[in-house]
Amino acid sequence: MKKITWRGMSIATVILVALIYVLPTLANNCWPHKKINLGLDLQGGMHLVLEVQTEKAVETTIERTIHEIKQELRKKNIKHLGVSHNSDNSISIQVQNQADLESVNPVIADEFGNFEVSSTQKQGEKRTVVLKLPHAEVVNIKKMATDQALETIRNRIDAFGVSEPDIRLQGENRIQVQLPGIQETQRAKELIGRTARLNFQLVDETGDVKSAETSSPPPGDEILYQIQEDPVTGATSKVPYLIQKRVLLDGSSLTDAKVMIDSQFNEPYVSIEFDRKGARIFEQITGENIKKRLAIVLDKTVYSAPVIQDRIAGGQARITGNFTTEEARDLAIVLRAGALPAPVNIIEERTVGPTLGADSIRMGLLSMVAGGILVIIFMVIYYKGAGVIADIALLVNILLIGGGLAAFQATLTLPGIAGIILTIGMAVDANVIIFERIREELASGKTPAASINAGFDRAALTILDANVTTLIAAVVLFQFGTGPVKGFAVTLGLGIVASLFTALVLSKSIFQSMVSGKKTATLSI
Amino acid sequence: MQFIKPDINIDFTGKRVKGFIFSISLIIISLVSLLFHGGPNYGIDFAGGTLIQVKFTQSVSVENIRNGLSTIGLENSSVQNFGKHGENEFLIRTSTPEMTGEGFSQSIKESLNSSTGFEPEIRRIEMVGPQVGQDLRKQALLAIFYSLLFITIYISGRFEMKWTLSGITAGAMMSAVYFLSAFNVSIPFVITAALAVSLVLFWYLNLKYAMGAIVALIHDIFITIGIFSIFGMEFSLPIIAALLTIIGYSLNDTIIVFDRIRENTTHSRKLSMEKIINRSINETLSRTILTSLTTLIVLFSLFFLGGDIIHDFAFAMITGVMIGTYSSIFVASPILLLTSRE
């Protein structure tokens, strides 16, 4: 009768737990429902890093403040010689004389308290106040812009419908987006990267577009283009418009945007709905500008510029522009999710198609199986019976890595598979060190049982040392690595810990149970 | 079965001069190649750029692909066959990070379709902006530095049981780095300086085991990088992972030999250090070779069967493991002998 030892029990428990965790990956819908996650390089998908141009958000704030200052001064009947935006993101307000300056100052203090007066310059009678955003405020604007961009992008992706997207901040102003399994990468990129700033601006019909294009547009105007596609040839052309810079209404007053189909032309368009304030402004604009053209401008591109026929109440408008249903749907998504507070740039992209991912899995598994079998055969040939023990330890080792991956919800990547393959080689290393030591002890005339004990005792420290150094490398790699490389660090680290367990605990137990109770047992090694 | 008989007795320490000559020539060749190529050959992960992997259903010529690319302003890109022959897979690289945003993959598809007559499947796009590339390069170098640092602490502490001294060395290394980064010195130089500082300290503090292990480690890494440079292979993120693993793994053999040397020094005090070292190498020779052999078996299987994406990684590991095995016998132990002042 063999006694059930604590060590035997704990080994059995560890193996059982690993088995339970590995099962859901092999069979569907099985408790504990924790599958091994496949990285983007294995299942296909897109990895993007976006940089939020937070500088632009600061500029926008300055522009808006200038607009507000002008309005406020007009309201209070204070004369000024100009409010201007300086290159270092400060604002200069120039006034005629000291008396005007004294009436401007309280306005600044009351209404624009978040700015600080950095200097007041005299130039003869004229006075110039320079306003600056405090550093903390600039940092805050940038942070808000990044946070808001993250939130907006998340909403857009949710509306687009990607399963298990991963969207997170990276550093100060970067956003990392991972979309596993996505096929329409181009569409997703356009959806994510679009600023989607919607503006309603009047078309300046008094000016001449042609001359403005060659020289410069009249003050207060800008040239924006509408992109038109020839329905027959598919060729695109740009139609210039002279647009008043003043934004009458923007996308922040939207409450809803949805795709509708025009019953007359059977063409999709986006129907937008304003909130109450927006609806009131829209009614006012349309009422005041009948027979004029109102341009709907999205990200500095004119979508349409219809002539206002009548005052429009009820807060509804439509955006047309020869959309396909898909384009209309995406436009509705970005309008609903809102504009990005600042433009974003794609600064890193890694896209893997699903077929390549499948190939990688196939080849990774193939080399794993091939390498594993070769090692298993080698160990049996070289160490006979002991080789079989090492092989059992090796298989348990792979099982433990799989269980660990599932239990920690780690991601398996192609380098991660390489890490497992590497640990197959390294797991038997520990056994080799032990077996060689046992052989030495046997050669020095010790009994098998004594040789086993001495072999494990003496080799344990060496194995520990050797593995700690590799573990250090794995931990550092985990800290510094991203994506696929991190996956490598995970499997390498798990593999090292697992091989310590299988070599020093599992192999030892099997050996000891083989020689225990038998005085003259021979060792097959 | 036994490859190496237990009573083997090769005079390894006697061949140390030959070993040094071999190692030094490898280092010089590596150095020359690195200087000749103007530093390591950074892939797009570190240099920035765009990489596109396309696959055709029929065989097409590289010439036609080039023609197609030139119609969309990518005439300066390199096109090479990828994967097995007859797979019609190609790797297109451009050094400039193309804005892959607006209709990029669509325009690639269309231009290649019109120039080759077949619609390609775009299997992979990797675009790394210059800033990201710089960040990744910095991170990779820091990772190498930190793993060397921690391993140095562990080795010097563990082998000589002088944790205080190892702490001092680590402190010196860190302050060297801190001091130099304040002057905005480039990171490779900082790492070299930090390693030089720690080697001088090892010498001064008589941490001879640590000295041997770290010299062997630097030797392994440098030659692996050199061999990559000689073959014109690219450094990518997985290669850095391989280098770090080599740092950890190549020490294994050194640790086995050094452990035996320590064991033998306590047992037989009468023998000279040279005899002890030589005996220890011979006694552990079998396991040094076997452990590397089993690892090489799986690495070769990865190299031949794992596919092109993992190919270079496997190559780096194979090189590192081989050099690591060699260096534990012909670099680490002789250095230990040289620094063992009676």
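The values are calculated or read from the model by the stated rules, or taken from the named source; none is laboratory data. All values reported here derive from a predicted model rather than from experimental measurement. Cβ placement follows ideal geometry from the backbone for every residue including glycine, while neighbour counts extend to all protein chains displayed. We work out accessible area using only protein heavy atoms, side chains counted, and drop any ligands, DNA or RNA first. Shrake-Rupley method; radii C 1.70, N 1.55, O 1.52, S 1.80 Å.
Write out the chymotrypsin sites (Phe, Trp or Tyr not before Pro) in the stretch A:213-291 meeting two conditions: DSSP loop, and at most 16 other Cβ atoms within 10 Å of their Cβ. Intermediate results must be reported in sequence, preceding the final value.
Numbers: sites: A:TYR225, A:TYR241, A:PHE265, A:TYR269, A:PHE274, A:PHE282; in loops: A:PHE265.
Here the chymotrypsin sites (Phe, Trp or Tyr not before Pro) that fit, given the DSSP loop and packing criteria, are A:PHE265.
Find the sum over both chains of the accessible area lost when A and B are paired, probe 1.4 Å, and report it in Å² to the nearest 100.
Numbers: alone 28280 and 17500 Å², together 40020 Å².
In total, this chain pair buries about 5800 Å².
I'd like the mean, over residues of A:416-427, of how many other protein chain beta carbons sit within 10 Å of each residue's own Cβ.
Values: counts 0, 3, 13, 2, 1, 10, 11, 2, 6, 15, 8, 3.
Counting Cβ atoms of other protein chains within 10 Å of each residue's Cβ and averaging gives 6.
Restricting to Cα pairs below 8 Å that are 6+ residues apart, what does the relative contact order work out to for chain B? Please round to a whole percent. Numbers along the way, then the final one.
Numbers: 463 pairs, mean separation 79.0, N = 342.
For chain B, the relative contact order is 23 percent.
How large is the charge dipole for the protein assembly as shown, taken about the Cα centre, if only the Cβ atoms of Lys, Arg (+1) and Asp, Glu (-1) carry charge, to the nearest 20 debye? Write out the running numbers ahead of the final one.
Numbers: 77 positive and 79 negative charges, 676 e Å.
So the dipole magnitude of the protein assembly as shown works out to roughly 3240 debye.
Rounded to the nearest 10 Å², what accessible area does B:HIS267 show when all protein chains are kept and the probe is 1.4 Å?
Probe radius 1.4 Å; accessible area of B:HIS267 about 130 Å².
Mind listing which GluC sites (Glu not before Pro) in the stretch A:179-256 are in a DSSP loop and have 10 or fewer other Cβ atoms within 10 Å?
On the way: sites: A:GLU184, A:GLU190, A:GLU205, A:GLU213, A:GLU222, A:GLU229; in loops: A:GLU184, A:GLU205.
Within the stretch A:179-256, no GluC sites (Glu not before Pro) qualify (loop, at most 10 other Cβ atoms within 10 Å).
Can you give me the Cα centroid spacing of the stretch A:374-390 and the stretch B:198-229 in angstrom?
Cα centroid of the stretch A:374-390 versus Cα centroid of the stretch B:198-229: 35 Å apart.
Before I look further, what does the protein assembly as shown give for accessible area per residue, probe 1.4 Å, in whole square angstrom?
On the way: 40020 Å² over 867 residues.
So the protein assembly as shown comes to 46 Å² accessible per residue, rounded to a whole number.
Tell me, what ³J(HN,Hα) does each residue in the stretch A:322-328 have, in order and in whole Hz, if you take phi through Karplus 6.51 cos²θ - 1.76 cosθ + 1.60 with θ = phi - 60° and put x for Gly and Pro?
Karplus-based 3J(HN,Hα) across the stretch A:322-328 equals 6, 7, 7, 4, 4, 4, 5 Hz.
Write out the trypsin sites (Lys or Arg not before Pro) in the stretch A:73-150 meeting two conditions: DSSP loop, and at most 15 other Cβ atoms within 10 Å of their Cβ.
Filter output for the stretch A:73-150: A:LYS76, A:LYS79.
What order do you get for B:26-37, A:47-58 when each peptide is scored by the mean count of other beta carbon atoms within 10 Å, highest first?
Numbers: B:26-37: 14.2, A:47-58: 21.8.
Per-residue Cβ counts within 10 Å, averaged per peptide and sorted highest first, yield A:47-58, B:26-37.
With everything on Cα atoms, drop me the angle between helix B:16-36 and the longest principal axis of chain B, reported from 0 to 90° to the nearest 10.
Value to nearest ten degrees: 30.
Once amide H atoms are built 1.01 Å from N in the peptide plane, which residues 5 or more positions from A:GLN170, or in another chain, come under 5 Å H to H?
Hits under the 5 Å cutoff: A:ILE175, A:GLN176.
Report the accessible area of A:ASP256, computed with a 1.4 Å probe over the heavy atoms of all protein chains in place, in Å² rounded to the nearest 10.
50 Å²
Can you classify the stretch A:216-353 as rounded, prolate or oblate using the Cα gyration tensor, where a ≥ b ≥ c are the square roots of its eigenvalues, rounded means a/c under 1.5, and otherwise it's prolate if a/b beats b/c and oblate if not? Kindly include the intermediate steps, with their values, before the conclusion.
Details: a/c = 1.34, a/b = 1.28, b/c = 1.05.
Cα axes put the stretch A:216-353 in the rounded bin.
Shape call for the stretch A:378-525 from the C-alpha gyration tensor, a ≥ b ≥ c root eigenvalues: rounded (a/c under 1.5), prolate (a/b greater than b/c) or oblate? Mind dumping the intermediate values first?
On the way: a/c = 2.80, a/b = 2.27, b/c = 1.23.
In terms of gyration-tensor shape, prolate.
Taking Cα pairs under 8 Å and at least six residues apart, what relative contact order does the stretch B:1-151 come out at, in percent?
Computed value for the stretch B:1-151: 29 percent relative contact order.
To the nearest 10 degrees, how steep is helix A:98-111 against the longest Cα principal axis of chain A, on a 0 to 90 scale?
40 degrees
Need the per-residue list for the stretch B:113-129: every residue with at least 40 Å² less accessible surface in the complex of protein chains than in the chain by itself, probe 1.4 Å, sorted by number.
B:ARG123, B:ILE125, B:MET127
Ignoring everything except DSSP H segments at least 4 long, calculate the 222 nm mean residue ellipticity for the protein assembly as shown; use -39,500 (n - 2.57) per segment, divide by total residues, nearest 500. Spell out each step's value before the answer.
Values: 26 runs with 503 residues, N = 867.
Per the formula, -20000 deg cm²/dmol.
Buried by at least 30 Å² relative to the chain on its own: which residues of the stretch B:214-254 qualify, computing accessible area with a 1.4 Å probe on protein heavy atoms?
B:LEU237, B:ALA241, B:LEU244, B:THR245, B:GLY248, B:TYR249, B:ASN252
What percent does the relative contact order of chain A come to when contacts are Cα pairs within less than 8 Å and at least six residues apart?
Numbers: 891 pairs, mean separation 93.5, N = 525.
RCO, chain A: 18 percent.
Taking a ≥ b ≥ c as the square roots of the eigenvalues of the Cα gyration tensor of the protein assembly as shown, is the shape rounded (a/c under 1.5), prolate (a/b larger than b/c) or oblate?
Working: a/c = 2.54, a/b = 2.02, b/c = 1.26.
The shape class here is prolate.
Which longest uninterrupted range of chain B lacks any trypsin sites (Lys or Arg not before Pro) assigned by DSSP to a loop state (not H, G, I, E or B) and surrounded by at most 10 other Cβ atoms within 10 Å? It would help to have the intermediate numbers written out before the result.
On the way: sites that count: B:LYS84, B:ARG269, B:LYS270, B:ARG341.
For trypsin sites (Lys or Arg not before Pro) (loop position, at most 10 other Cβ atoms within 10 Å), the longest site-free span of chain B is B:85-268.
Using a 1.4 angstrom probe on heavy atoms only, work out the carbon and sulfur share of the accessible area of the stretch B:232-342 in %.
Heavy-atom surface of the stretch B:232-342 belonging to carbon and sulfur, 1.4 Å probe: 64 percent.
Under 5 Å between amide hydrogens, which residues at least 5 positions from A:SER304 or on another chain qualify, with H placed 1.01 Å from N in the peptide plane?
Under 5 Å from the amide H of A:SER304: A:ILE296.
For the stretch A:489-495, just list the computed ³J(HN,Hα) in residue order, Karplus coefficients 6.51, -1.76 and 1.60, θ = phi - 60°, integers in Hz, with x standing in for Gly and Pro.
Karplus values, whole Hz, x for Gly and Pro: 4, 5, 5, 5, x, 4, x.
Please compute the average number of Cβ atoms from other chains found within 10 Å of each residue's Cβ in peptide B:130-140. Walk me through the intermediate numbers first.
Values: counts 1, 5, 6, 2, 0, 5, 4, 0, 1, 4, 3.
The mean count of partner-chain Cβ atoms within 10 Å per residue comes to 3.
Need one value for A:353-363: mean number of C-beta atoms belonging to other chains within 10 Å of its residues' C-beta atoms. Walk me through the numbers on the way to the answer.
Details: counts 8, 1, 3, 9, 2, 0, 8, 5, 1, 2, 7.
That average works out to 4.
Rounded to the nearest 5, what % of the DSSP beta bridges within chain B are antiparallel ones? Intermediate results must be reported in sequence, preceding the final value.
Numbers: 18 of 19 bridges.
Of those bridges, close to 95 percent are antiparallel.
Give, rounded to the nearest 20 debye, the magnitude of the charge dipole that the stretch B:49-128 has about its Cα centre when Lys and Arg contribute +1 at Cβ and Asp and Glu contribute -1 at Cβ. Mind showing how you got there, number by number?
Values: 7 positive and 10 negative charges, 41 e Å.
Dipole magnitude for the stretch B:49-128 comes out near 200 debye.
Label B:LYS15 and A:MET144 with points 7 Å out from Cα along Cα→Cβ: what is the distance between them in nm?
Between B:LYS15 and A:MET144, the label points sit 7.3 nm apart.
Please give, to one decimal in nm, the separation of the simple spin-label points placed at B:VAL62 and B:LYS138, each 7 Å out from Cα toward the Cβ.
3.7 nm
Could you tell me which of B:GLY73, B:GLY117, B:HIS85 has its Cα farthest along the dipole of the stretch B:49-128 towards the positive end, charges placed at Cβ (Lys, Arg +1; Asp, Glu -1), taken about the Cα centre?
B:HIS85
Give the angle, between 0 and 90 degrees and rounded to the nearest 10, that separates the Cα long axis of helix A:276-288 from the longest principal axis of the Cα atoms of chain A.
40 degrees
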